[in-house]
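The values are calculated or read from the model by the stated rules, or taken from the named source; none is laboratory data. Predicted, not measured: the structure shown is a model, and the values here were computed from it. Neighbour counts are summed over all protein chains in view; Cβ atoms, including those assigned to glycine, are modelled from backbone coordinates with ideal geometry.
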């Protein structure tokens, strides 16, 4: 397959590395010139629980202009705020046979892609992916570290069984990922959303890794409160959560990524705008639709927005 990974940060780099090693022609596209230059010059190094691996088959590019003809799969791994520009620039890379796999955090990923497709690409297939629990970080140009290799989940924008999604999942499994197609991906997106809401803004406010924050009862109470606000909103919207005990579910997830810094904290430390609007900032918006409020999420969102105004 011809695959373009648009957004070659920590997670996008992992996707590009393993898929290229499986024999696909893979472009890693990112405006981070230092990272792309390192990939083209010396390859990409991935370090995980089982040690380091080196990958030299990735084609690095700083813009989608490198794609002069259609690809089979676009893995959209950019931050949510960058989706409109990234999708609009894909024109020559898209055809009716192309699938765009939206892998953003938060809610509304598919809608953002569909709203920004080039006019002649309205028939491009848009699907959704959910990745969580990797604990990945870009440590230096050409160097990525991750804590876990968790299950990748794929599904259609409209819930339902899909042979195309099963074939897509098989492509990822063949590359060494744990991957599965799901008929009800909206449930999984919300469950990831709950975990992101719990950890993202609180870890950023307290400048802590997940485990360090969880070890401080007062900090964990605020984080858990953020997550439970999101659960209450999801339940009111009719989301069929897989868990009965939300607190236990959230706590177990936090324990599984204890050493990680959420990407929001990584952005904050680097002086970059974060995805606060589609994570904690989205909870009050969804809450208002069902007559609820989300005061903890609103407060933390306001604090982070105030800090980011200086970036």
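Observations on the model:
- Within the stretch 191-204, at least one residue is closer than 30 Å to residue 17 by Cβ, touching a strand residue (DSSP E or B) at 6+ places or on another chain (Cβ under 9 Å), assigned to a helix (DSSP H, G or I) and not assigned by TED's automatic domain parsing to the domain that holds residue 108.
- Looking across 223, 258, one residue alone is in contact (Cβ under 8 Å) with a residue 24 or more places away in the chain, part of a loop (DSSP other than H, G, I, E, B) and in contact with a helix residue (DSSP H, G or I) (Cβ under 7 Å, 6 or more places away or on another chain). It is 258.
- Filter pass, residue 108 being in contact with a helix residue (DSSP H, G or I) (Cβ under 9 Å, 6 or more places away or on another chain), under 14 Å from residue 6 (Cα atoms) and in the same structural domain as residue 68 (by TED's automatic domain parsing): no
- When residue 93 is tested against (1) closer than 25 Å to residue 146 by Cβ; (2) crowded, with 19+ Cβ neighbours inside 10 Å, just one condition goes unmet, and that condition is (1).
- Matching entry among 156, 119 (being modelled with pLDDT under 95 and more than 18 Å from the chain's Cα centre (by Cα)): 119
- Taken together, the residues in the stretch 160-186 that are buried (at least 18 other Cβ atoms within 10 Å of the Cβ) and either assigned to a helix (DSSP H, G or I) or within 16 Å of the chain's Cα centre (by Cα) (or both) amount to 9.
- Selection within the stretch 19-66 - free of Cβ contacts under 8 Å to residues at least 12 places away in the same chain and in a strand (DSSP E or B): 51, 52, 54
- Some residue of the stretch 192-212 being surrounded by fewer than 22 Cβ atoms within 10 Å (Cβ to Cβ), closer than 18 Å to residue 107 by Cβ and at pLDDT below 95: yes
- Between 142, 133, the distinction of being in the same structural domain as residue 165 (by TED's automatic domain parsing) and surrounded by fewer than 18 Cβ atoms within 10 Å (Cβ to Cβ) belongs to 133 only.
- Check on residue 66, in the same structural domain as residue 141 (by TED's automatic domain parsing), under 23 Å from residue 119 (Cβ atoms), surrounded by 17 or more Cβ atoms within 10 Å (Cβ to Cβ) and at pLDDT below 95: no
- Test result for residue 231, touching a helix residue (DSSP H, G or I) at 6+ places or on another chain (Cβ under 6 Å) and either over 20 Å from residue 264 (Cα atoms) or assigned to a helix (DSSP H, G or I) (or both): yes
- Unmet requirement for residue 106, which otherwise passes all of (1) within 18 Å of residue 13 (Cα to Cα); (2) in a loop (DSSP other than H, G, I, E, B); (3) within 15 Å of the chain's Cα centre (by Cα): (1)
- Within the stretch 284-294, none of the residues are touching a helix residue (DSSP H, G or I) at 6+ places or on another chain (Cβ under 7 Å), under 17 Å from residue 203 (Cβ atoms) and surrounded by 14 or more Cβ atoms within 10 Å (Cβ to Cβ).
- Residue 127 vs. criteria surrounded by fewer than 17 Cβ atoms within 10 Å (Cβ to Cβ), at pLDDT 90 or above and either farther than 20 Å from residue 253 by Cβ or not assigned by TED's automatic domain parsing to the domain that holds residue 34 (or both): no
- Test: residue in the stretch 205-216 that is touching a residue at least 24 places away in the same chain (Cβ under 8 Å), within 21 Å of residue 135 (Cβ to Cβ) and within 16 Å of the chain's Cα centre (by Cα): no
- In the stretch 68-98, the residues that are farther than 23 Å from residue 170 by Cα, over 23 Å from the mean Cα position of the chain (by Cα) and assigned to a loop (DSSP other than H, G, I, E, B): 68, 69
- So residue 274, is it assigned to a loop (DSSP other than H, G, I, E, B) and closer than 28 Å to residue 145 by Cα: yes
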